[in-house]
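Trainee: Quick one: the structure is below, questions incoming.
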Amino acid sequence: MELDELKGKWAEHDRKLDLSIRLNRQLMLETYTKRAKFALWRLAAVLALGSITLLAVIVWLGAFTAKYWATPKFTIPAILLDLAAIAALVALNAQIGMALKIDYNQPIAAIQKRLEKLRLFRIRYIQAILVSAALLWMPSFIVALKGFFDADVYRLFATAWIVTNVAFGFAVLVLGIWLSKKYLPGAGYNLNAATGFLATLAEFEQDASYSSQERSSMRAYSPEE
Amino acid sequence: MTTAAVQDRFQTLVEEHKKILYKVCNSYCKNPGDRDDLAQEIIVQLWRSFGAFDQRVRFSTWMYRIALNVAISFYRRESVRSRHVISGDEHLLEVADETASRPEEVRVLYQWIERLDPLNKALALLYLDGNNYQEIADVLGISETNAATKISRLKQTLRQEVGAK
């Protein structure tokens, strides 16, 4: 079976399609008016909610740092948390900025590459949040207890307990990575799928060279054929 | 032009090219529910981009570019999150049972397209719909010679998979 032969049948079938398809204009109008608004509203809500929360955390941590500036045992964890919150805010806004810049009216290879890079960025953002959660829980505990209850973790618990918990955070992280690799081979699936598709796109964009057989079977093509 | 006039023009143009919507949705989704959802996503993107539609370009080429971009993203989405789908009983595209009346060759073509990866699906659809190499290259964002080579390879694949008759 040759593609060019089948193309004729496809065109014949295509002509008949006009009669068998009906576009529901009323539903179409509702779709692009309501749904487009809903998508924009959702994006705006994510941006507003995420940014306001992170900004509040940054401001609160800033105030905390200023208050305990002379006490490094509190300011160091607070600065660490503040830096993580600033990075999260920047990354969140970068993601939304990237999403808003995507114009589907561009060639497929270019847009799919941008979408895949955005997907990759989002996966790494989530990974970074999970990693920081494992590593920053102890600084969060120190700052939260001092900030909300004026309690000093260093006095309540022995230094050894704190060091053990920081080490435990690292251990949980390393163990989590090891376990997911050993028992959940699909855990890295999203990341692999995104990088894999980027490689496919690069290959697709690359100028393919003709084999001698292809060259001999090639001829000029116009849609009128 | 008033919003109502723009909407009317948009709807008329999409209606004239509804077959593109149908073919893209059918090639990228097996499930009828997903097809309807994809059709709605395509309509939303078409409307959003309509303001930037360059009249020097054929509407079908422009529509194909957006529809295929949306379809590939839809196809690649890992998990189908709950979406805001309007109406459960009504469908954007109402189709009389054309699958039963499909000639065997067209059925074979649809099955073959279904097995292709999302980028080659786009290539096959554009070729079958009579776009020339330049138009195919413009929609895909590759060079004309690259488009020609890839089509030649698609022909070989079809020959190998479907077999000579």
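Trainee: Looking only at helices (runs of 4 or more DSSP H) that fall completely inside segment A:1-91, which ones have 1 or more residues that are more than 19 Å from B:Leu46 (Cβ to Cβ) and among the hydrophobic types (A, V, I, L, M, F, W, C)?
Mentor: Result: A:3-20, A:36-67.
Trainee: For segment A:103-152, name all the residues that are more than 24 Å from A:Ala87 (Cβ to Cβ) and not small (Gly, Ala, Ser).
Mentor: If the condition is that a residue be more than 24 Å from A:Ala87 (Cβ to Cβ) and not small (Gly, Ala, Ser), then A:Asp103, A:Tyr104, A:Asn105, A:Gln106, A:Pro107, A:Ile108, A:Ile111, A:Gln112, A:Lys113, A:Phe149, A:Asp150, A:Asp152 are the ones that fit.
Trainee: List every residue pair whose Cβ atoms sit under 8 Å apart, with the two residues 6 or more apart in sequence or on different chains, where the first one lies in segment B:102-121 and is without any contact (Cβ under 8 Å) to a residue 60 or more places away in the chain and at the interface with chain A (Cβ under 7 Å from one of its Cβ atoms) and the second, anywhere, is hydroxyl-bearing (Ser, Thr, Tyr) and assigned to a helix (DSSP H, G or I).
Mentor: Every condition considered, the pairs that remain are B:Arg102/B:Tyr110; B:Leu119/A:Thr200.
Trainee: Among residues belonging to segment A:102-123 that are of a type outside the set (S, T, N, Q) and free of Cβ contacts under 8 Å to residues at least 12 places away in the same chain, point out the one that is nearest to the other protein chains (Cβ to nearest Cβ).
Mentor: A:Pro107
Trainee: Tell me, which residue of segment A:25-51 that is surrounded by fewer than 16 Cβ atoms within 10 Å (Cβ to Cβ) and either at the interface with chain B (Cβ under 7 Å from one of its Cβ atoms) or among the β-branched types (Val, Ile, Thr) (or both) is farthest from B:Glu104 (Cα to Cα)?
Mentor: So, considering only residues that are surrounded by fewer than 16 Cβ atoms within 10 Å (Cβ to Cβ) and either at the interface with chain B (Cβ under 7 Å from one of its Cβ atoms) or among the β-branched types (Val, Ile, Thr) (or both), the one farthest from B:Glu104 (Cα to Cα) is A:Val46.
Trainee: A follow-up question, please. Mind checking which helices (runs of 4 or more DSSP H) fall wholly inside segment B:1-66 and carry at least 1 residues that are over 19 Å from A:Leu19 (Cβ atoms), facing another protein chain (nearest Cβ under 10 Å) and in contact with a Phe, Trp or Tyr (Cβ under 6 Å, 6 or more places away or on another chain)?
Mentor: B:3-16, B:32-50
Each value in this text was obtained by applying a stated rule to the coordinates, not by laboratory testing. In this text, all values refer to a predicted model and were calculated from it rather than measured experimentally. In this analysis, Cβ positions are derived from the backbone assuming ideal geometry, glycine residues included, and neighbour counts consider all displayed protein chains.
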